[in-house]
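Visitor: Take this structure first; my questions come after.
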Amino acid sequence: MCKILNTIILTTLLILSGAVTGSAAWQLTLNVSTPDPNSDTGAATNKLTIGADQTATDAYDNKFDTVALLRGPVQAYIAHPEYAAEKQKLWRDLRSDALPKEWTIEVNSPGEASAINIKWGINAPDNLNFTLIDQDNNQEIGIRASSEYSYNSTSNSQKKFLLRVSDNSAVTTGGNSEGNATSGGGCGHIKNIGRNNRFPGGPGSAVLNMTILFAPLIWLTMRKTILSYALLLIRRR
């Protein structure tokens, strides 16, 4: 009996810990490219990764952030003038999951004038809003409404963008925008109590949600064992 109970408890804890670790993480990737005859693919590309993690901070984190190695006809990076000189230009910048937040993105075109294309992919819950702002003309691009943005650069020029990420509390689904995942894993919708229906973020809320979800399954698993054990005790008397 104790062995069975220990197995059930261990399995439940593993499920809960997995939910707590990854529940609030999200990422947005931006591929900034320009035609390049010297490249094997015909284009020079810089990949930027922006996102959040429960264990990240809003400062530079060796675990999550990556310094940009800039060369070639396009040089894109996430700008941090407040950081130490060697860390002011990043290719990867993950921060804490508190919102709203803004990322400053700069794209240098050190060579001749050329076409610059920015494509993106989102791995984030549906309640997050992403807006890319071209600061030269104050044009706002809805990241979820489109998949790319292009412009023509001039020689030896720089373009600045601002990425704004905010939480839309009116959206209650915890789905993934790339995989169209839905909340509850087929066992019902999990609502995050006390966080205005936001995507689960705090360890306490995740544990509560998962406990509620798996309680019926645990009871069904244990019921037969408990009844058999009770009958055995009665027979021994």
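Visitor: Here are Tyr83, Tyr60, Tyr77: which of them is touching a helix residue (DSSP H, G or I) at 6+ places or on another chain (Cβ under 9 Å), among the hydroxyl-bearing types (Ser, Thr, Tyr) and without any contact (Cβ under 8 Å) to a residue 60 or more places away in the chain? Reasoning before the result, please.
Guide: Numbers: Tyr83 fails: touching a helix residue (DSSP H, G or I) at 6+ places or on another chain (Cβ under 9 Å); Tyr77 fails: touching a helix residue (DSSP H, G or I) at 6+ places or on another chain (Cβ under 9 Å).
Selected residue: Tyr60, the only one of Tyr83, Tyr60, Tyr77 that is touching a helix residue (DSSP H, G or I) at 6+ places or on another chain (Cβ under 9 Å), among the hydroxyl-bearing types (Ser, Thr, Tyr) and without any contact (Cβ under 8 Å) to a residue 60 or more places away in the chain.
Visitor: Residue check: is Leu90 assigned to a loop (DSSP other than H, G, I, E, B) and on the phi < 0 side of the Ramachandran plot? First the steps, then the outcome.
Guide: Working: assigned to a loop (DSSP other than H, G, I, E, B): no; on the phi < 0 side of the Ramachandran plot: yes.
The answer is no for Leu90.
Visitor: Another one. Only residues that are small (Gly, Ala, Ser), modelled with pLDDT of 95 or more and under 22 Å from the mean Cα position of the chain (by Cα): list them for region 19-76, please.
Guide: Answer for region 19-76, where residues must be small (Gly, Ala, Ser), modelled with pLDDT of 95 or more and under 22 Å from the mean Cα position of the chain (by Cα): Gly51, Ala52, Ala56, Ala59, Ala68, Ala76.
Visitor: Within region 130-145, does at least one residue satisfy the condition of being under 22 Å from Asn168 (Cα atoms) and among the aromatic types (Phe, Trp, Tyr)?
Guide: Yes: one or more hits.
Residue by residue, here is whether (1) at pLDDT 50 or above; (2) over 18 Å from Phe130 (Cβ atoms); (3) part of a strand (DSSP E or B); (4) among the charged types (D, E, K, R) holds:
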{"position": "Ala145", "(1), (2), (3), (4)": "yes, no, no, no"}
{"position": "Lys160", "(1), (2), (3), (4)": "yes, no, yes, yes"}
{"position": "Ser166", "(1), (2), (3), (4)": "yes, no, yes, no"}
{"position": "Ser169", "(1), (2), (3), (4)": "yes, no, no, no"}
{"position": "Gly174", "(1), (2), (3), (4)": "yes, no, no, no"}
{"position": "Glu178", "(1), (2), (3), (4)": "no, no, no, yes"}
{"position": "Ala181", "(1), (2), (3), (4)": "no, no, no, no"}
{"position": "Gly184", "(1), (2), (3), (4)": "no, yes, no, no"}
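Visitor: Still on this structure: Out of Ala68, Ala85, Ala79, report the one residue that is farther than 16 Å from Ser33 by Cα, touching a Leu at 6+ places or on another chain (Cβ under 9 Å) and not polar (S, T, N, Q).
Guide: On the way: Ala68 fails: farther than 16 Å from Ser33 by Cα; Ala85 fails: touching a Leu at 6+ places or on another chain (Cβ under 9 Å).
Result: Ala79 is the single residue among Ala68, Ala85, Ala79 that is farther than 16 Å from Ser33 by Cα, touching a Leu at 6+ places or on another chain (Cβ under 9 Å) and not polar (S, T, N, Q).
Visitor: Report, by residue number, each residue of region 62-106 that is crowded, with 16+ Cβ neighbours inside 10 Å, of a type in the set (Asp, Glu) and farther than 26 Å from Thr41 by Cβ.
Guide: If the condition is that a residue be crowded, with 16+ Cβ neighbours inside 10 Å, of a type in the set (Asp, Glu) and farther than 26 Å from Thr41 by Cβ, then Asp65, Asp97 are the ones that fit.
Visitor: Please enumerate the residues belonging to region 93-108 that are part of a strand (DSSP E or B) and over 21 Å from Ile141 (Cα atoms). Lay out the reasoning, then the answer.
Guide: First pass over region 93-108, keeping only residues part of a strand (DSSP E or B): 93-95, 101-108.
Hits for region 93-108 are Leu94, Arg95.
The values are calculated or read from the model by the stated rules, or taken from the named source; none is laboratory data. The structure displayed is predicted, hence computed values, not measured ones. Every residue, glycine as well, gets a Cβ built from its backbone with ideal geometry; the counts of neighbours run over all protein chains shown.
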